[in-house]
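Read the structure below first, then the notes.
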């Protein structure tokens, strides 16, 4: 079975981006960084979602992200599905930190339960079919709105959402051109999906994470 094993963000300054990830979210692996000056404008077509257990963790992680230089796109607030907020980091990657709970149920922590790479795609059915044909297994699917694939043993999970709906949820416009500035790693690669998201072989993705 194929799954998302690692991901690499292509950034202007890997050292500065690593400092941001560490200071904001305490993240190292499984997110790699690679220098790139590939042109990119507007919405890059994806978000990285950090799933946590309770609102105080959401507030803590968003607070340190803003202190490290992130811009608030949506302040943390309750919603139908729980509690969460959205920020854009200094290099342009959009992060959503959220939990399903609306009230704290224990002591405050900074633990991250899952890292979800949510791709905004033009055609859910076509992208779902593409990934299934390349060995990924569907874990959840809601009509032509949302698809989630089975994950490996690590914290990374891959999901699909309609591009315009994702942009609206994040508080940005759907328009964007140029590089996505993200590369997926797994044994499905190398390949490029219908929306231009590129995969590398698992070994390449893992080595990028270690840098």
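The values are calculated or read from the model by the stated rules, or taken from the named source; none is laboratory data. None of the values given here were measured: they were computed from a predicted structure. When we count neighbours, we look across all protein chains shown, and the Cβ atoms used for this are built from the backbone with ideal geometry, even at glycine.
Odds and ends about this structure:
- Positions within the stretch 47-66 being under 14 Å from residue 91 (Cα atoms) and in contact with a helix residue (DSSP H, G or I) (Cβ under 9 Å, 6 or more places away or on another chain), in sequence order: 47, 65, 66
- Answer from 26, 82, 69 - the residue that is in contact with a helix residue (DSSP H, G or I) (Cβ under 8 Å, 6 or more places away or on another chain), surrounded by fewer than 21 Cβ atoms within 10 Å (Cβ to Cβ) and at positive phi: 69
- Which numbered condition residue 56 misses (of (1) touching a residue at least 40 places away in the same chain (Cβ under 8 Å); (2) touching a strand residue (DSSP E or B) at 6+ places or on another chain (Cβ under 8 Å); (3) over 28 Å from residue 152 (Cβ atoms); (4) not in a strand (DSSP E or B)): (2)
- Scanning the stretch 5-17 for residues that are closer than 22 Å to residue 198 by Cα, at pLDDT 95 or above and not in a strand (DSSP E or B) turns up 12, 13, 14, 17.
- Listing of strands (runs of 3 or more DSSP E) fully contained in the stretch 110-194 that carry 1 or more residues being closer than 22 Å to residue 24 by Cβ: 114-121, 156-162, 182-185
- Against the conditions (1) surrounded by fewer than 21 Cβ atoms within 10 Å (Cβ to Cβ); (2) modelled with pLDDT of 95 or more; (3) over 30 Å from residue 191 (Cα atoms), residue 126 satisfies every one except (3).
- When residues of the stretch 59-102 are limited to those that are within 15 Å of residue 20 (Cα to Cα) and assigned to a loop (DSSP other than H, G, I, E, B), the one nearest to the chain's Cα centre (by Cα): 93
- Pairing each residue of the stretch 166-178 that is surrounded by fewer than 16 Cβ atoms within 10 Å (Cβ to Cβ) with any residue that is at pLDDT 95 or above and assigned to a loop (DSSP other than H, G, I, E, B), provided the two are 6+ apart or on different chains, yields C-beta distances under 8 Å for 168/174; 173/43; 175/43; 177/39; 178/38; 178/39.
- Considering each residue of the stretch 139-158 in turn, at least one proves to be touching a helix residue (DSSP H, G or I) at 6+ places or on another chain (Cβ under 6 Å) and surrounded by 15 or more Cβ atoms within 10 Å (Cβ to Cβ).
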